[in-house]
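Written below as structure tokens is the structure these notes are about.
The values are calculated or read from the model by the stated rules, or taken from the named source; none is laboratory data. Everything quoted here is computed from the prediction, not taken from an experiment. Reconstructed Cβ throughout: ideal geometry from the backbone, glycine too, with neighbour counts over all protein chains shown. Remember, those area values only see protein heavy atoms, side chains included, never the ligands or the DNA or RNA. Shrake-Rupley method; radii C 1.70, N 1.55, O 1.52, S 1.80 Å.
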Amino acid sequence: FTTLLYTIKFEEMAIFGLGVSINNTVVHNGTEVDTIFNYTYGVLLSLAIPLSLLLNPLVFYYNFLMFKLKKSVVSALFQLLAALDFILTLRSIATTYNLLKPGLDPLYEFHPTFFQRFQWFYSYIVGYTSILITLLLCAVRYISIKAPLWSTTNKRRINAVVIICLGIDIFWSFIMATLDSFVDGNTWYSAQQGIVTIVDDQIVLGVRFYLGIMVPFFITVGGSVIFSILTIARLVLEDEENSKLPQYKIRSIKMIVLLNAGNVVWFVLCILGNIISEKNNFTSGYVADDDQNTWKYSDLYVSFADAVLAQCLLSAYNPLVVCTRSTGMRELVKNYWFK
């Protein structure tokens with residue numbers, strides 16, 4: 001596969017390519033490494049997009065049926081998560097085209113179009129709301145296992161807390177997405193397929209980066225992993241006197257591990273991206289040196305992987321796990337698709 005990619009040659013290549021952006025014109029000097037990353041990422045997205053667009057509506061429909069029967073907050077959250085993942089995948093269609101087309105986008109566009117600004121705006125809100133819902137699902141699942149009677153008699157309180165958390169997230173995400181997308185200093189960065197804000201005040205830039213991106217991300221993903229570990233521990237401890245766990249608990253543990261595996265990989269990618277960015281002295285992890293004319297391959301590839309690629313892959317991976325591991329989902333597929 002690698003040998004095949006090395007044989008693909010274009011004078012200009014898609015998103016990745018070492019060059020200088022002057023007045024939105026790229027002086028380009030691409031390498032075979034650029035070609036490999038362009039086409040590898042493009043192929044991965046091409047595989048993930050159809051899966052996401054196919055499976056997320058199926059997950060939404062199944063949980064819609066479950067919500068009609070049980071009025072469960074878990075079913076409602078799964079519906080919302082499937083809808084948001086479907087919407088987030090739409091962004092990746094244009095990204096995939098930009099990766100695979102034989103023509104390089106400017107690394108920087110200092111006057112982003114409204115469509116570029118809006119694309120980043122809704123991606124920011126949808127992306128962070130999606131990972132918050134994952135955290136809420138993990139928390140609700142843990143509470144229902146640890147205190148089943150309390151969770152049954154206090155459904156309204158749980159629902160109220162979930163709604164309040166979603167409201168705070170949407171309000172905060174809206175403010176940060178607006179500051180990132182519709183203010184002076186916005187620049188479209190093609191290697192990340194997103195908006196970055198270039199300002200002279202490093203304090204403002206740091207606050208915007210850490211409070212608007214890294215802190216919410218680490219809290220939500222880290223919280224999801226912690227609640228999942230607590231849930232697995234609870235499932236095991238309930239049967240500590242037995243030599244073997246019941247099959248249904250084993251299935252639950254496998255589902256929890258699989259659903260968290262993607263977030264853990266994403267988490268590691270973000271840490272790696274920040275370490276590399278700090279080492280190379282990139283502004284807030286995305287922008288090159290002060291003259292904005294020098295580029296380092298590692299930052300381009302890693303920033304794209306954690307900002308764009310990982311989100312799309314997770315939007316396909318999560319419903320794939322649900323559809324293959326859930327008995328109810330398998331029955332739905334069998335009854336409606338393979339009659």
Treating every alpha carbon of segment 69-173 as one equal point scatterer without solvent, the Debye formula yields log10 I(q)/I(0) values at q = 0.19, 0.21, 0.22, 0.25 Å⁻¹ of -0.98, -1.12, -1.19, -1.38
Treating every alpha carbon of segment 46-123 as one equal point scatterer without solvent, the Debye formula yields log10 I(q)/I(0) values at q = 0.23 Å⁻¹ of -1.04
If each K or R counts +1 and each D or E counts -1, the residues other than Phe227 whose Cβ falls under 12 Å of its Cβ total +3
Per DSSP, the loop-located chymotrypsin sites (Phe, Trp or Tyr not before Pro) within segment 95-174 having at most 16 other beta carbons within 10 Å are Phe110
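When ligands, DNA and RNA are left out and all protein chains stay put, how many square angstrom of accessible area per residue does segment 51-127 have with a 1.4 Å probe?
Result: 46 Å² of accessible area for each residue.
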The answer for the net charge of residues other than Trp188 whose Cβ lies under 13 angstrom from its Cβ, with Lys and Arg +1 and Asp and Glu -1, is -2
The summed charge of the Ala94 Cβ neighbourhood (under 15 Å; Lys/Arg +1, Asp/Glu -1) stands at +1
